[in-house]
1. How big is region 272-324 on each of its three principal axes, counting only the C-alpha atoms and giving the largest first in Å?
2. On the Cα set of region 1-118, report Rg and Dmax in Å, please.
3. Could you grab the relative contact order for the chain? Cα pairs under 8 Å, six or more apart, rounded to a whole percent.
4. Taking Cα pairs under 8 Å and at least six residues apart, what relative contact order does region 230-357 come out at, in percent?
5. Say a paramagnetic label sat at a point 7 Å from the Cα of residue 232, along Cα to Cβ; which residues of region 240-270 have their backbone N under 19 Å from it?
6. For the pair residue 275 and residue 66, what calculated FRET efficiency results from E = 1/(1 + (r/R0)^6), where r is the Cβ-Cβ distance and R0 = 22 Å, to the nearest 0.05?
7. Fully extended, how many nm does the chain gain between residue 95 and residue 2 (0.36 nm per residue separation, minus their Cα-Cα distance)?
8. Give the whole-number value, in cubic angstrom per residue, of the convex hull volume spanned by the C-alpha atoms of region 249-357.
Amino acid sequence: MKDIKFPIFKTKIKGETRRFNLIDPQERQAYFKFKAGPEIEKLREYLKENSFVAYLLGKKSSGKGTYSQMFAEVVNPERIFHLSIGDMVRDIDKELADARQRKELLSFLQRDYRGWISLEEVISALEKRSTKTLLPTEAILALVKREIARREKKSLFIDGFPRDLDQISFSLFFRDLIGYRDDPDIFILIDVPESVIDERIKNRRVCPICQTSRNLKLFPTKKVHYEKKSGEFYLLCDNPNCKEVKMTRKEGDKFGIEPIRERLEMDEKLTKQAISLYGIPKIFLRNSIPITENSKYVDSYEITPEYHYEWIGGENRVRVIEKPWEVLDDEGIPSHSLLPSPVAVSLIKQMAEVLNL
């Protein structure tokens, strides 16, 4: 993030040489126990009787959902809920299309919505919304209240709020508005270089049948093929419940971050403003480490690998070449991108510290 230096969190344990395959679920569980076992146990004990509200702030595609869901899986998935405001609003499309559910939604809003625009305008905003038009904050608060009321009291990772500068102040009182009066609230600030987000988008591939998502450069399937006519390498879906079909790029992904540049700029402003707030604990997560520093802070297997391909015509096969992924951070410093697991370790350890466990 430009002009702001996020602290580098150390996951490396001095004198330890054990390696883990962070793609394998069982090895990943062993990795978390090895790197943050005491903190995980403290958090599990805390969550038996307590909860927290955490706001995830970072640029679009910075890993907010990935890190919070990984935290939940490791600590206690039954006591933690990842609330995506975007997913919540998109689900309302289905309610508005169903006569019974639409009636229930209108009844709820008539009872619980309080705001500066009419209920009719709120419904119109829901039906005609776009990526550039935000819903009224008061409507979001009412809908979040309904979403939480459907579940027992759990710790919350809130993803997608605040979404604008004038919503920062609302988030400071969010726990009171939704009835979590005694819960600690925390800002989780995520720093990911734009070059990382750009490459993630440009190399994303999706199965047209089962919608499995992979990445040609960062997370390929087991089967990589070469198309001689176009000179391009491509992935075959390896979902065992699907067919081995060619995975394709979504329309618009080839442009990377350009279509969402305004959104990224706003996300950066939000994060910077949140950093300047007093009175609320903050957790800092960073996705990259300068290459000159990484050996001090992380193990080599915690660095994101990138994959390149070479066509061996004489053997009629694709050779896969793996190496650490080098990127430029937002200050132009050569860096290595980290896999999600070490960032989640940082989240676990900082959360335990913030909660005074």
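1. Largest first, region 272-324 extends 65, 24, 15 Å along its Cα principal axes.
2. Answer for region 1-118, Rg first and Dmax second: 20.4, 63 Å.
3. Details: 534 pairs, mean separation 92.0, N = 357.
Worked out over the chain, it gives 26 percent.
4. Computed value for region 230-357: 22 percent relative contact order.
5. 244-259
6. Working: r = 22 Å, r/R0 = 0.98.
Rounded to the nearest 0.05, the efficiency is 0.50.
7. On the way: separation 93, 0.36 × 93 = 33.48 nm, distance 4.09 nm.
Between residue 95 and residue 2, full extension yields an extra 29.4 nm.
8. Working: hull volume 19.6 nm³, N = 109.
With only Cα atoms used, region 249-357 gives 180 Å³ per residue.
Computed from the coordinates by the stated procedures, all read-outs in this text should not be read as laboratory data. Just so you know, these numbers come straight off a predicted model, no measurement behind them. In this analysis, Cβ positions are derived from the backbone assuming ideal geometry, glycine residues included, and neighbour counts consider all displayed protein chains.
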